[in-house]
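Quick note: the coordinates plus some simple rules give every number you see, no bench work behind them. Because the structure is predicted, anything quoted here is derived from the model rather than measured. Neighbour counts are summed over all protein chains in view; Cβ atoms, including those assigned to glycine, are modelled from backbone coordinates with ideal geometry.
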Amino acid sequence: MKRLVLIVLAVLIAGWLWSHRERSHPPGAIAESDPHQQSMSAAPQLERNGYRIEPLQRFDIEARVLAASTYRLDREADLAPVDLALGWGRMSDSAVLDRISISQSGRFYFWRAEEFPIPRREIETHSANMHMIPSSPAIERKLKNVSRGQIVTISGYLVEATAGDGWRWRSSLTRDDTGQGACELIWVEDIAVH
């Protein structure tokens with residue numbers, strides 16, 4: 001019986017590792033379009049775990065996952081349990097990404113290159129760390145299963161979240177900013193993984 005339990009456990013671990021492996025792609029940009037944002041005349045009022053969510057702009061993106069992190073311990077984890085560092089244009093090209101070191105920590109996305117494979121400004125404007133607010137348990141499960149290297153299509157809203165105690169978290173609305181406050185905060189209505 002103990003041996004059977006070990007075999008089942010090994011199969012489950014192997015399956016999890018297989019589903020979370022980094023996806024490889026041949027050279028060439030995979031996600032060529034820039035993210036699409038659109039102003040709205042009327043926006044729905046949204047809520048998650050006691051936070052009020054105000055949509056600021058409609059948002060759609062197809063991008064390559066450069067890194068994915070799940071959070072459980074910070075206050076923001078109640079709202080956005082997953083951060084995805086995403087790249088589009090030449091920041092979805094394996095030939096470029098092979099020359100850039102990418103990581104995430106503390107709700108930030110970091111990159112480093114010994115020599116720039118593309119201009120620094122293009123790296124900054126064609127990649128971003130995005131905080132994901134799932135609109136449903138099914139969307140949350142999908143987000144938590146996203147792996148580095150996958151191509152994702154995400155639809156939803158750039159939002160501002162507020163709490164009754166005055167706490168506030170607001171999305172960036174531009175691709176030109178960097179550093180603290182430059183991340184997108186996204187209410188995810190739909191996600192497709194390719």
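Under the rule a/c < 1.5 gives rounded, and otherwise a/b versus b/c splits prolate from oblate, where does the stretch 100-194 land using the Cα gyration tensor? It comes out oblate by the Cα gyration axes.
Neighbour counts of other Cβ atoms within 10 Å put S171, S103 in the fewest-to-most order S103, S171. By other beta-carbon atoms within 10 Å, ranking R168, R99 with the fewest at the front produces R168, R99.
The order of D93, D78, going from fewest to most other C-beta atoms within 10 Å of their C-beta, is D78, D93. Indicate the gyration tensor shape class of the stretch 45-136 (rounded, prolate or oblate), computed on the Cα atoms with a ≥ b ≥ c the square roots of the eigenvalues: a/c under 1.5 is rounded; otherwise a/b larger than b/c is prolate and the rest oblate. The shape class here is prolate.
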